[in-house]
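Visitor: This is the structure, below, for whatever I ask next.
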Amino acid sequence: MAESMKGLKRTHRCTEVSKENIGETVTIMGWVQRRRNLGHMIFVLVRDRSGLLQVIFDGNEIEEELFTKAGTLRNEFVVAIVGKVEARSEDINPNMKTGEIEIRAEQLRILSESQTPPFPIEENSQTKEEIRLKYRYLDLRRPDLQKNLIMRSQIATLARAFLAEEGFLEIETPTLCKSTPEGARDYLVPSRVHPGNFYALPQSPQLFKQLLMCSGYDRYFQLARCYRDEDLRADRQPEFTQIDMELSFVDVDDVIDVNERLLAKLFREVLGVEIPLPIPRMTWQEAMDRFGSDKPDIRFGMELKDISDLVKDCGFGVFTGALENGGTVRGINANGQGAMPRKKIDALVEFAKGYGAKGLAYLSIGEDGSYKSSFAKFMAEEELSAIVERLEGKPGDLLFFAADKTNIVYAVLGALRLELAKQMGLLKKEEYKFLWVVEFPLLEFSEEENRYVAMHHPFTMPMDEDIPLLDTDPGKVRAKAYDITLNGTELGGGSVRIYQGEIQEKMFEILGFSKESAYQQFGFLLNAFEYGVPPHAGLAYGFDRLVMLMAKQDNIRDVIAFPKVKDASCLMSEAPNVVDKKQLEELKITLA
């Protein structure tokens, strides 16, 4: 039966007890991890968020009632134990922080009993994720998840302190906003007071942080909750957190400087890792040409090589056909994979089709220098040799080629190099390779909507020298936009914002907004711009992604306390769910 604490006070967390405390009487409280009964001696391992500590109940020394009570302990019982700290005479455990000491129990209170948990509370659990998420409150007791969330808290605290020292003010922005159709789908919230009208939950605090710059706050930040109604992946959730910031009277280099120093501080203090500064920069075009991705993983090579000029007159119709349709032919070299079995190559061809490829051409180089290829019969020996030379092929290598529209070739080979790197064991989690990707295109053409759309958002400033192209060739305009990437993941992105009215109007015009529709959606921002707006720029990190990479996890759910699953539902609380009919009536909502 559960007892009360009766004025008992905890003196230490489990791993706060050390050799320095030998001879002292301490009080610890926590959960029973394991109990071993050796007849006259009971060993209990107690766990709290700091770690584990061993307690001994010696039947020869303590009253029978206390020893009997210790024998009733089960996993996950919550206990308070008073006892004397001793050095372990034997069974020293070098893998435990408290492995050289133990507590000889003098008092025990069972504060709460527990049913048998549906899975063991242990690190690296093999239990299905669906079951663990259903009982997330138990899953969160596991030491590895607790370490992740403790690290998350530490990163947030350090980021706040750093930004405050740099003159940033932490200001909260609304979470009930106006819906804007540009970007991902909004989550909508019906208004009871304004029947038929809806708020939207913010996808980011973008407009409000720009307004704060108009209001003269100079440097703003917040750890902002954001919401997007989009399909989930391993690094996405419907609700997520951003480290969001905006600065006045700055340009690209100023934003990059403060953020490089922030990242260096976080990695130094949390992981003991020194990030060499400055972080390298690469233009968007170079990233796409070399890696087929605007968030390239630069921990390994396997770069894309353009062979269009070498194959434009060859006899292989797949290559020449792609070029005649304005496309490109490029390849990558999987070093040392020349002996890959055909079955594995076929699986990679299927993988590439998932990214839009019609197929993949390949060429393997034997140890004797001979070529084995899916297209060799259509080409002369010197053409094949030129291709191999361009891809720096050597005996034992395997070359893959894609031929299609340029964007498809980038997507296919960009994904293929990552898949090959994974299979070849080239992705080392302890290696941290940062990269700034800069000079993104300002616009991209949407075939679906038959118009230009903003690659970032409609308030992104064009590069100064490209402003004249807005009238003549908008597709070639580069943006003052920058993404910070780490090991092939986009950590954050931002841009210098448009602050001159005429450029903003031109941008809306290119995006197909009339002046009326622009004011209808963004009127409060555009009106603010009539009253003296400073040059300003900002950046936002995906905080959950940052923690995921720093904690060396593969899934964002492992660094979020109560995450959603792929269909955006919570298995534990069963959200979303039906609501009371009366609530719908108050909101003037009828379900179809």
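The values are calculated or read from the model by the stated rules, or taken from the named source; none is laboratory data. Everything quoted here is computed from the prediction, not taken from an experiment. Methodologically, a virtual Cβ is constructed for each residue, glycine included, from the backbone with ideal geometry; neighbour enumeration extends over all protein chains shown. For the accessible areas, the whole protein counts, side chains as well, though only heavy atoms, and no ligand, DNA or RNA atoms are used. Shrake-Rupley method; radii C 1.70, N 1.55, O 1.52, S 1.80 Å.
Visitor: Please report, in cubic angstrom per residue, the volume enclosed by the convex hull of the alpha-carbon atoms of the stretch 462-516.
Guide: 115
Visitor: If you put +1 on each Lys and Arg Cβ and -1 on each Asp and Glu Cβ, how big is the dipole of the chain around its Cα centre, in Debye rounded to 20?
Guide: So the dipole magnitude of the chain works out to roughly 1920 debye.
Visitor: Using r as the Cβ-Cβ distance of L8 and V193, and R0 as 45 Å, what FRET efficiency do you calculate, to the nearest 0.05?
Guide: 0.35
Visitor: Which whole-number percentage describes the relative contact order of the stretch 483-592, with Cα contacts under 8 Å and a sequence gap of 6 or more?
Guide: 22
Visitor: When every alpha-carbon pair in the stretch 323-447 is counted, what percent end up more than 19 Å apart?
Guide: 55
Visitor: Roughly what would the spin-label model give for K582 and D257, points 7 Å off Cα along C-beta, in nm?
Guide: A separation of 6.1 nm, rounded to one decimal place.
Visitor: Now a separate question. If you line up the long axis of helix 342-353 against the longest principal axis of the chain, both from Cα atoms, how many degrees apart are they, to the nearest 10?
Guide: So the helix axis and the longest Cα principal axis differ by about 80 degrees.
Visitor: On a 1.4 Å probe surface of the protein chains, which of E448, E350, E3 comes out largest in accessible area, and what is the full order?
Guide: E448, E350, E3
Visitor: How big is D for the chain, in µm² s⁻¹ as a whole number, if Stokes-Einstein is applied with the Kirkwood radius of its Cα pairs at 25 °C and 0.890 mPa s?
Guide: Estimated via Stokes-Einstein, D reaches 86 µm²/s.
Visitor: Another question, then. So, taking all protein chains as they sit and a 1.4 Å probe, how much accessible area belongs to W31, in Å² rounded to tens?
Guide: Near enough 80 Å² of accessible area.
Visitor: In percent, how large is the relative contact order of the stretch 238-328, given Cα pairs closer than 8 Å and 6 or more residues apart?
Guide: Across the stretch 238-328, relative contact order equals 12 percent.
Visitor: Calculate the all-directions average of the projected area of the stretch 1-103's alpha-carbon convex hull, and give it in nm². Before the final figure, lay out the partial values.
Guide: Details: hull surface 26.2 nm².
Taking the Cα atoms of the stretch 1-103, their convex hull projects to 6.5 nm² on average.
Visitor: Here's another thing I want to ask about it. Rounded to the nearest Å, what's the spacing between the alpha carbon centres of the stretch 292-329 and the stretch 148-221? Just the number, please.
Guide: The two parts, judged by their Cα centres, are 42 Å apart.
Visitor: Give me the angle, in degrees from 0 to 90, between the Cα long axis of helix 515-528 and the longest principal axis of the Cα atoms of the chain, rounded to the nearest 10.
Guide: Computed tilt is about 50 degrees.
Visitor: First select every other residue whose beta carbon is under 14 angstrom from the beta carbon of K588; then total the charges, Lys and Arg +1, Asp and Glu -1. Mind showing how you got there, number by number?
Guide: Numbers: positive: R192, K581, K582; negative: E585, E586.
Its environment carries a net charge of +1.
Visitor: Inverting the mean 1/r over all pairs of different Cα atoms, compute the Kirkwood radius of the stretch 469-592 and quote it in Å.
Guide: One decimal place: 19.4 Å for the Kirkwood radius.
Visitor: Now for a separate question. Assuming 0.36 nm per residue, please report the length gained on full extension of the stretch N555 to S215 beyond their Cα-Cα distance.
Guide: Separation in residues times 0.36 nm, less the Cα-Cα distance, equals 118.5 nm.
Visitor: So, in nm, how far is label L66 from label R299 when the simple model puts each one 7 Å beyond its Cα toward the Cβ?
Guide: Rounded to a tenth, the inter-label distance reads 5.2 nm.
Visitor: Mind jotting down a quarter of the surface of the convex hull over the alpha carbons of the stretch 310-367, in square nanometres, one decimal?
Guide: 4.9
Visitor: Moving on to the next point. Pairs K19/K134; K128/K581; K344/K377; K305/K377: which are spaced more than 29 Å apart, C-alpha to C-alpha?
Guide: Pairs exceeding the cut-off: K19/K134; K128/K581.
Visitor: Next question, about the same structure. Which value in nm describes the separation of the simple spin-label points at A339 and D309, placed 7 Å from the Cα toward the beta carbon?
Guide: 3.7
Visitor: Go through 467-478, 579-590 and give me the packing order, highest mean Cβ count within 10 Å leading.
Guide: Answer by packing, highest mean first, reads 467-478, 579-590.
Visitor: Which order do Y187, Y362, Y531 take by accessible area at a 1.4 Å probe, largest first?
Guide: Ranked list, largest accessible area first: Y531, Y187, Y362.
Visitor: Normalised by the residues of the chain, what does the relative contact order come to in percent, with Cα pairs under 8 Å and at least six apart? If you can, show how the numbers build up before the last one.
Guide: Working: 1087 pairs, mean separation 76.8, N = 592.
The normalised contact order for the chain reaches 13 percent.
Visitor: Positive end of the dipole of the chain, charges at C-beta (+1 Lys, Arg; -1 Asp, Glu), about the Cα centre: which of L188, L416, C214 has its Cα farthest in that direction?
Guide: L188
Visitor: Taking every alpha carbon pair in the stretch 195-327, what does the distance histogram look like in 10 angstrom bins from 0, in percent?
Guide: Computed distribution, short to long bins: 9, 20, 30, 20, 14, 7, 0.
Visitor: In this model, which of K343/K372; K433/K476; K97/K147 are farther than 21 Å apart at the alpha-carbon? Write down the numbers at each step before the final one.
Guide: Values: K343/K372 15 Å; K433/K476 29 Å; K97/K147 14 Å.
Correct reply: K433/K476.
Visitor: Using 1/(1 + (r/R0)^6) with R0 = 56 angstrom and r between the beta carbons of E350 and K84, what's the FRET efficiency to the nearest 0.05?
Guide: The computed FRET efficiency comes out at 0.30.
Visitor: Here is a further query. Need one number for the stretch 129-207: average projected area of the convex hull over its C-alpha atoms, nm².
Guide: With every direction weighted equally, the projected area is 9.0 nm².
Visitor: How high is the FRET efficiency between T472 and N407 when r is their beta carbon distance and R₀ equals 22 Å, given to the nearest 0.05?
Guide: Taking R0 as 22 Å, the efficiency between T472 and N407 is 0.45.
Visitor: Tell me the angle of helix 252-271 to the major Cα principal axis of the chain, expressed in degrees between 0 and 90 and rounded to the nearest ten.
Guide: Relative to the chain, helix 252-271 is tipped by roughly 30 degrees.
Visitor: Next question, about the same structure. Dividing the alpha-carbon radius of gyration of the stretch 164-225 by 2.2 N^0.38 Å (N being the number of residues), what value is obtained?
Guide: The reported ratio for this selection is 1.32.
Visitor: Any chance you could run the full-extension gain for E130 through R281? It's 0.36 nm times the residue separation minus the Cα-Cα distance, nm to one decimal.
Guide: 50.3 nm
Visitor: What does the highest-first list of 261-267, 545-551 look like by mean Cβ count within 10 Å? Walk me through the intermediate numbers first.
Guide: Values: 261-267: 18.3, 545-551: 22.4.
Put in order of decreasing packing, that is 545-551, 261-267.
Visitor: For the stretch 402-492, which semi-axes, largest first and in whole Å, follow from the square roots of 5 times the eigenvalues of its Cα gyration tensor?
Guide: One finds semi-axes of 30, 18, 10 Å for the stretch 402-492.
Visitor: So, one more: Can you give the calculated 222 nm mean residue ellipticity of the chain, where each DSSP H run of n ≥ 4 adds -39,500 (n - 2.57) and the sum is split over every residue, rounded to the nearest 500 deg cm²/dmol?
Guide: One gets -8500 deg cm²/dmol as the mean residue ellipticity at 222 nm.
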